Each structure stands twice: as C-alpha cells, then as structure tokens.
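For reference, the structure discussed in these notes is given below.
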Amino acid sequence: MTRIVMTAGQVAPIRDPSDLHTVRNLAARAADAAGLSGREHAASELVAAELATNLLRHARGGHLLINIIDPVPGTLQLAAVDDGPGINDITACMADGFSTAGSLGGGLGACRRAATMFDLYSLPGQGTVALAQIRRPADGGDEPVGGNGPSGHRGRQAQSIQVGGVLTPHPHQAVSGDGWCAMLPDDASALTIAVADGLGHGPHAAHAARRALDLIVQQPETDLRQRLAALDQPLRDTRGAAIALSRIEAHLSSDALVEFAGIGNIQAQMQSAAGNRSLASRPGVVGAGPLRRSIPCPPMPWNRPGVLVVTTDGIGRYDLAHYPGVHRNHPAVLAALVWRDAHRGTDDATVVVALPQKDTR
C-alpha cells in the first residue's frame, strides 16, 4: 500500500531579515524530524532560506509553511505564500541571473535544483505560491511519497489521482490538533483520504487526531460509514475528533466516483464540469458515543477537470475560481493558496486537495 501521512506543521511569518535565521532553524529541525540527513538536510535549509529571502525581496513578506510527510524517511515540504505583485513571466524568473530586485537572480533556480520537487504558481497582482519538497529514498516498506504524491492506475483507461495538502497549528500551540492521510491499495482500486481534527487544540487534540489516523490506516477497506462508526469506541479515551473520509474510485478515462462521509466540523468542496458542490459532514464528535443517525454517503460522479478540497474549521470561505489553471500544478499548491486566502488564524488549519492527472498511456 502507498500511503502518506501529515500531522506535523509550522508556519513562519516572514516580515524582516531577522526572520531568516528562524526559518533556517525551523527547517533544520523539521528535516531532522523527517529523517533527512546529509545532502537533503543541507538542501532543506538552503531552500527555506531562499524562499524566505524571495518573500522579503519581491513580496514585502509572507509566510513559509513547513510540513513533514511520513513515513520516515519522509519528506519535508516547504510552501512560500504571499499576496504580493505576482510574477509576469514564470519561465524567465526560473532562469539563473534573472532578477527584478538587483540581486544575483539565483534564488528560484537554486531551489529547483536543490529540491526533489519544485512547483510555482503566480498571478500578476495576486501573489505567488512556491512549493518545494525534499526527500530521500525509502529503504523499504511502504512506497515513499513522491513529488506527485499517491497516484494510481487501473489499466490504460484509468486516471491517476494526485493528493497534497498543508497543515498549520493554532497560533499559540507548538503542535497541530489536525492530521490527514491518503492511502492507495496495491491494486490501485480507489484512493481514500482521511482528515481528522482533534477536539480543541494542542497536545491532547493532536493525540486524538493521530490515534484516529493510526486506526484508519489499519482498517480494512469497507464502507465509509462503517469505518467511521468503528472509530468511536477506540477514541473514547481521547478528546474525540471530527473525522471525514473521502473515497475516489477512478474507473473510467473520463470520470470517477467520489464518496464523502464525515462527522464533525470538516467541510469539502467538489468542483467538476458539472459545477461546484459542497459536501457537509454530520454534526457530532467521533469518540463521544455511538452514532445514532445514519451518515449520508451517496456516490457522486467527478468529471474532469475535477478538484476535491477538504478543510478543517480553521479554514473559512474560499472560491476556487480565483485560481485559474491551478489544476496543472501540484495539489499542495492549491492547498497553500486556499490556506493563504481563507485561514482564520484562530485554530489549527488543514487543507487537503485531490486532483486528477493525465492518463498514463
């Protein structure tokens, strides 16, 4: 089984040059936590410093989102977000020597070379997201997350699915009470995405969310409602959590079936050729007692170019129409854009995005 898990994250505001030292230290600690060493550890510090420097030079500041993707040896993900002037010519700005600020112009090119995966999205006048992932190959066991995240195929007619996300803690907490994971079985029959939000925030909320994800990873592939119900008893000795499960079955070249079931304040939005659809969870807390009402979980078609976005309650309202062409980028880029524009700043905040990719022929 291919799986990715994200439960750790930090956000570093970038406002003045003194923040560069903080960013390097945060990146170094995150690289250690991800099991990186040697070249990858040095690359993590370099990319973090370059991205932060670009925020100061070109966007009057912004934020650097620092996330760890498991399993170990895992992946360090860095997302620089800003609402500055944007980039008019992305191709030109990636070339060494190109600069609009009188510098040597090596920043983004250096990031692309140092990172395992690098992606960039920008609109003139509306800001930029630069995404970098640094990882080392796994020695065995589960397949590591790649630049594209979990994706799967069922023969020549199936479409692959990319998953990515960002996660940040409550502003006054060192750990996030949120977490998410994505799982793809060996037969690539369907991709399951789980998002958990522990009640409240801080270490006890984090414990509840991580317990939920550990249990979900071990569950057999069954009906989403049954999987949610089975989590209640094992979470009774925690604070409990809001949990949402999404299942995407890619079975045709032109469409897929999507199921969504959730308990608690986790929302989802599905965008397809048929329009936008909000997917609401049922009120409640998993771990607070048996579920006494049925959970709606109707399968829905997801026609190209489909997008599924799942968010915890630290994220407010957003409009996917504000990000034209973003479906061509890594899904974590869209997740970072939604975080930039809709995070409330008063709670843990998580955004997970699934995007269909081109057919493998």
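Can you list which of the trypsin sites (Lys or Arg not before Pro) found in segment 197-236 are DSSP loop residues with at most 13 other C-beta atoms within 10 Å? Mind showing how you got there, number by number?
Working: sites: Arg210, Arg211, Arg225, Arg227, Arg236; in loops: Arg236.
Hits after loop and neighbour filter: Arg236.
For every other residue with a beta carbon closer than 10 angstrom to the beta carbon of Asp119, add +1 if it is Lys or Arg and -1 if Asp or Glu, then tell me the sum.
+2
Using packing as a proxy for protection, rank 318-329, 125-136 so that the peptide with the highest average count of other Cβ atoms within 10 Å comes first.
Per-residue mean Cβ counts within 10 Å order the peptides as 125-136, 318-329.
With the cut-off at 1.5 for a/c, could you classify segment 188-296 from its C-alpha gyration tensor as rounded, prolate or oblate?
Note, shape of segment 188-296 comes out prolate.
How many percent of the accessible area of segment 186-227 is carbon or sulfur, using a 1.4 Å probe?
51
Assuming R0 = 25 Å, can you tell me the calculated FRET efficiency for the pair Ser18 and Ala321, based on Cβ-Cβ distance, to the nearest 0.05?
Efficiency, rounded to the nearest 0.05: 0.10.
So, in Å, what gap is there between the alpha-carbon centers of segment 218-287 and segment 164-217?
Segment 218-287 and segment 164-217 have Cα centres spaced 13 Å from each other.
Could you calculate the contour length gain from His204 to Gln219, that is, 0.36 nm times the residue separation minus the distance between their Cα atoms, to one decimal place in nm?
Contour length minus the Cα-Cα distance gives 3.1 nm.
Using a ≥ b ≥ c from the Cα gyration tensor of segment 273-361 (square roots of the eigenvalues), is it rounded, prolate or oblate, where a/c under 1.5 gives rounded and otherwise the larger of a/b and b/c decides, a/b for prolate?
Because a/c hits 1.5 or more and a/b fails to exceed b/c, segment 273-361 counts as oblate.
The values are calculated or read from the model by the stated rules, or taken from the named source; none is laboratory data. Bear in mind that the values here come from a model prediction, so they are computed numbers and not experimental data. Here the Cβ is made from the backbone with ideal geometry for all residues, glycine too, and neighbour counts use every protein chain on show. All accessible areas refer to the heavy atoms of the entire protein, side chains included, with ligands and DNA or RNA removed. Shrake-Rupley method; radii C 1.70, N 1.55, O 1.52, S 1.80 Å.
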